[in-house]
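Colleague: Right, I'll just put the structure down here and ask away after.
The values are calculated or read from the model by the stated rules, or taken from the named source; none is laboratory data. This structure is a prediction, so every number in the text was calculated from the model and none was measured. Quick reminder, even Gly has a Cβ in these numbers, built from the backbone with ideal geometry, and neighbours come from all protein chains shown.
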Amino acid sequence: MKLPHQPTVFLSLVVMIAFAVSARAQSSPLPRSTPEAQGIESGDVLRFIDAADREIDALHSFMLMRHGQVVAEGWWAPYAPESNHVLYSLSKSFTSTAVGMAVAAGKLSIDDEVLKFFPDDAPTEVSNNLKAMRVRDLLTMTAGHQDETSSAADKVSAKSFLAHPVPHLPGTHFKYNTPATFMLSAIVQQQTGQNLVDYLRPRLFEPLGIENPVWDNNFQGIALGGYGLRVRTEDIAKLGQLYLQKGEWNGRQLIAEEWVELATSRQVSNGSNPKSDWNQGYGFQFWRSRHNAYRGDGAFGQYCLVMPEQDAVIAITSGTGNMQAVLDLIWENLLPAFRPVSLPPDPDAVKALQNKLAHLEVSTPEGTGTSPLLAKIKDRTFHFESNDLKLESIALAPGGNPKSLELIIRTDGAESRFPCGYENWKQGRGTIGSLTNEPVAGSMAWMDENTCVIKLCANETPFQFTLNLRFDGDQVTLEGKSNVAFGPKGWPKLVGHTK
C-alpha cells in the first residue's frame with residue numbers, strides 16, 4: 001500500500017483538528033456561574049420563580065444571564081433544555097438580524113423601495129403610497145396598512161402583500177404587521193438566493209452554536225419570517241447576548257454595531273401608556289421596553305429581553321394569555337436584584353435555588369392512578385359524528401404499568417397514540433387540536449371510576465390540552481380545552497358511541 005505524501009497527511013490532520021475545534025466551538029454552551037458571583041442574590045431569583053408559579057403558572061423555561069454568564073436556568077417538565085420551542089413573533093428579531101447582515105453585505109439598503117424587488121408581483125394599479133414603501137417601513141411596522149392581510153403559510157406571498165391596500169403614507173402609521181416581516185424574508189431570499197435558515201446558518205446559527213433551527217416556509221419555499229422559527233431556550237439567550245455585546249461574538253463582529261443600535265432603538269412611537277411594555281416604541285423588529293430595555297417577543301409569552309443597564313439577558317418560553325404579567329414580575333422581582341458588584345458566596349441559597357429549578361414541572365391532573373373501568377373499555381373504540389375538530393374516534397388502552405394508559409385518537413384519518421403517566425409525563429408524538437405530528441407528552445388521572453382526565457402537552461409549543469372523558473356504558477362524553485389559543489380555548493362537547 002502506498003502511503004500518502006507526508007505534507008498531505010499533515011494538512012489532512014490540520015483540517016480535521018480545525019473542524020473538530022470549530023464543531024466544538026459551535027456546540028459549546030454558554031458559560032455558567034452562580035447568581036452571587038454576578039451580583040444577584042439567589043433568593044431573589046427564587047422569589048421570581050415562586051411568584052411566576054403562583055401568579056402565572058404558565059412558564060415553560062427560564063434562563064437568566066448576567067455579565068455574559070448563565071446564573072439561573074430551568075425547564076418545567078415535560079419541557080426540556082435540548083428541545084426546540086416555537087417562537088412565534090420572536091422569529092421577527094432573527095429576521096431583522098438577517099436583513100442587517102444582508103445590508104452590511106451590500107445586498108440591499110433599508111431605503112430601497114419594496115416594489116423594486118418584486119416588479120412581476122405588483123398589482124395592475126400601483127398607488128403612490130405603495131410606490132413610497134421602503135424596506136425601512138417594513139422593519140418598523142409602518143408599511144402604511146390599516147390592517148393585516150393573511151400571514152397563513154398557504155396564502156402569504158409578495159403578490160398578496162403588494163395587492164393589499166396602503167391607505168397611509170409609509171413611515172407615518174404604526175401597525176403591527178406580520179406579513180411585512182414575511183416581505184423582509186422574501187427580500188433577503190430574493191437578493192441572496194438563500195432562504196433565512198440557509199443564509200443565517202454560517203453567519204449566525206453556527207457561530208452561536210444554534211444547532212437545529214427549524215423555520216416554516218410559505219407555499220413558495222420562503223421562510224415565513226414573522227413567525228415559524230423553533231430554537232432552544234439557550235439559543236434565545238444567545239441572540240440576546242449577541243445584541244447586548246453590540247453584535248460581537250468570540251472576537252468576531254457578526255452583526256454591524258450600527259445595525260444593533262438602529263434595530264434596538266426607538267424608531268417609531270407606538271403608544272403613550274407608561275405602564276405598558278408595548279407602548280415604549282419600536283425599532284427594527286424589536287420592541288422597546290420599560291427601564292431602558294428592549295426585547296423580541298412572541299405570542300403566548302416567548303421572550304428575549306435585553307437589559308443593557310444591568311448587563312443582563314432573560315430568555316423565557318411560556319404559554320400565557322397575559323404577556324404583560326410576565327414582564328411585570330421581572331420588573332418587580334428581578335430588576336431590583338441586580339447589584340453593581342459581586343456578592344459573598346451563599347451556598348445554601350444557591351442549593352435552594354438549584355433544587356427548585358431542578359424540580360420544575362407543569363401541573364398534572366389530580367385524582368387516582370387506576371380505575372376498574374379501564375379493563376372493561378380497553379377493547380372499545382368510541383366514534384364521534386362529524387365535527388369541527390375532525391375528531392373521529394377515541395379509545396383508552398392499558399399503559400406500561402398499572403398507573404398509566406394510552407390514549408388513542410383518530411383525527412382526520414390519522415391515528416395518534418399518546419402514552420400518559422400518572423403524576424408524571426410520558427413522551428409521545430401525534431396530532432391533537434390544530435397541531436399535526438408534534439411531540440406530545442401525556443399525563444392522566446381518574447377523577448372517579450368513570451371519569452378520566454388527560455392532559456396533553458405539545459412540548460415544543462405553548463399549547464396544552466385538557467380532555468375530560470366521562471364513560472357511561474357504550475357512550476363517552478368528551479369535553480376539552482386548551483390553555484391558550486388564537487380563538488376559543490374551549491372545545492365543543494362531543495358524545496361518542498361504540499359501534
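Colleague: Kindly establish whether D277 is in contact (Cβ under 8 Å) with a residue 12 or more places away in the chain, assigned to a loop (DSSP other than H, G, I, E, B) and acidic (D, E).
Modeller: Numbers: in contact (Cβ under 8 Å) with a residue 12 or more places away in the chain: yes; assigned to a loop (DSSP other than H, G, I, E, B): yes; acidic (D, E): yes.
Judged against the criteria, D277 is a match.
Colleague: Of the residues V268, V350, V306, V326, which is in contact (Cβ under 8 Å) with a residue 40 or more places away in the chain and touching a Leu at 6+ places or on another chain (Cβ under 7 Å)?
Modeller: Values: V268 fails: touching a Leu at 6+ places or on another chain (Cβ under 7 Å); V350 fails: touching a Leu at 6+ places or on another chain (Cβ under 7 Å); V326 fails: touching a Leu at 6+ places or on another chain (Cβ under 7 Å).
Sole residue among the options that is in contact (Cβ under 8 Å) with a residue 40 or more places away in the chain and touching a Leu at 6+ places or on another chain (Cβ under 7 Å): V306.
Colleague: Still on this structure: How many residues, within the range 346-356, are out of contact with any helix residue (DSSP H, G or I) (no Cβ under 7 Å at 6 or more places or on another chain) and surrounded by 17 or more Cβ atoms within 10 Å (Cβ to Cβ)? Outline the logic, then answer.
Modeller: First pass over the range 346-356, keeping only residues out of contact with any helix residue (DSSP H, G or I) (no Cβ under 7 Å at 6 or more places or on another chain): 347-348, 351, 354-355.
Cutting the leftovers down to surrounded by 17 or more Cβ atoms within 10 Å (Cβ to Cβ) gives us none.
Number satisfying all stated conditions: 0.
Colleague: Starting from the range 106-131, keep only residues that are in contact (Cβ under 8 Å) with a residue 60 or more places away in the chain, then list their pairs with residues that are of a type in the set (S, T, Y) whose Cβ atoms are within a distance under 8 Å, requiring at least 6 positions of separation or different chains.
Modeller: Every condition considered, the pairs that remain are K107/T192.
Colleague: Checking the structure you have, find out if any residue of the range 82-91 is surrounded by fewer than 21 Cβ atoms within 10 Å (Cβ to Cβ), polar (S, T, N, Q), at pLDDT 95 or above and part of a strand (DSSP E or B).
Modeller: no
Colleague: While we're looking at this one, here's another question. Taking the condition touching a residue at least 12 places away in the same chain (Cβ under 8 Å), touching a helix residue (DSSP H, G or I) at 6+ places or on another chain (Cβ under 7 Å) and part of a loop (DSSP other than H, G, I, E, B), does P340 pass? Talk me through it step by step, then tell me what you get.
Modeller: Values: touching a residue at least 12 places away in the same chain (Cβ under 8 Å): yes; touching a helix residue (DSSP H, G or I) at 6+ places or on another chain (Cβ under 7 Å): no; part of a loop (DSSP other than H, G, I, E, B): yes.
So P340 does not fit the description; no.
Colleague: Hey, Q241 hits all of (1) in contact with a Gly (Cβ under 7 Å, 6 or more places away or on another chain); (2) crowded, with 24+ Cβ neighbours inside 10 Å but one; which does it fall short on?
Modeller: (2)
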